[in-house]
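A short write-up of the structure that comes next.
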Amino acid sequence: MCSTCEGSGEIIRPEDRCDTCHGEKVVQEQKVLTVEIERGMKHGDKIFFYGESDEAPGTVPGDLIFIIKEKDDEKFK
C-alpha cells in the first residue's frame, strides 16, 4: 500500500487541504443524542437513530440502535 495516499489512489496537495480536516476528509465530532424512553417500553424494545453512525467519504452512515434492558428496581418498573 502506498504510504502517501494510504491506498486511496488520491493525493491532496498541501495548499488545497482544508484547514478543518487537513486533507483527511473527515472530522471527529461528538454529538449528544437524547434517548426518550416511552411509557410502556419493555425489555428488548429498540430505539433507532437512523444515519447517525460514523460517516466517511464514499460510504453510507449506519444507524445507532439503543436496546432497552430492564433492571429490577423496587421503585421503578
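Every read-out reported here was derived from the displayed coordinates using simple, explicitly stated rules and does not represent laboratory data. Predicted, not measured: the structure shown is a model, and the values here were computed from it. Positions of Cβ are backbone-derived with ideal geometry, glycine not excepted, and every protein chain shown enters the neighbour counts.
Expressed in nm to one decimal, what extension gain is obtained for the pair Arg39 and Leu64 from 0.36 nm per residue of sequence separation less their Cα-Cα distance? Before the final figure, lay out the partial values.
Values: separation 25, 0.36 × 25 = 9.00 nm, distance 2.11 nm.
Difference between extended and current length: 6.9 nm.
With labels modelled as points extended 7 Å from the Cα through the Cβ direction, what inter-label distance (nm, one decimal) is found for Lys31 paired with Asp19?
Each label point lies 7 Å from its Cα, and together they span 2.5 nm.
May I ask you to evaluate 6.51 cos²θ - 1.76 cosθ + 1.60, the Karplus curve with θ = phi - 60°, for each residue of segment 37-45 and list the ³J(HN,Hα) values in order in whole Hz, giving x for glycine and proline?
These are the phi-based 3J(HN,Hα) values: 8, 7, 4, x, 5, 10, 3, x, 5 Hz.
Farthest toward the dipole's positive end in the chain, which of Gly40, Gly7, Gln30, given Cβ charges of +1 (Lys, Arg) and -1 (Asp, Glu) about the Cα centre?
Toward the positive end, the furthest listed residue is Gly40.
Could you size up the charge dipole of the chain around its Cα centre, putting +1 on the beta carbon of Lys and Arg and -1 on that of Asp and Glu, and report it in debye to the nearest 20?
Numbers: 11 positive and 18 negative charges, 71 e Å.
Dipole about the Cα centre, nearest 20: 340 debye.
Taking mean projected area of the Cα convex hull in nm² as the quantity of interest, determine which of (1) 7.7; (2) 5.8; (3) 8.4 was computed from the displayed structure.
Matching the structure shown: (3).
Between Asp72 and Ile47, how high is the FRET efficiency from 1/(1 + (r/R0)^6) when r is the Cβ-Cβ distance and R₀ = 30 Å? Nearest 0.05. Intermediate results must be reported in sequence, preceding the final value.
On the way: r = 21 Å, r/R0 = 0.71.
Plugging the Cβ-Cβ distance into 1/(1 + (r/R0)^6) gives 0.90.
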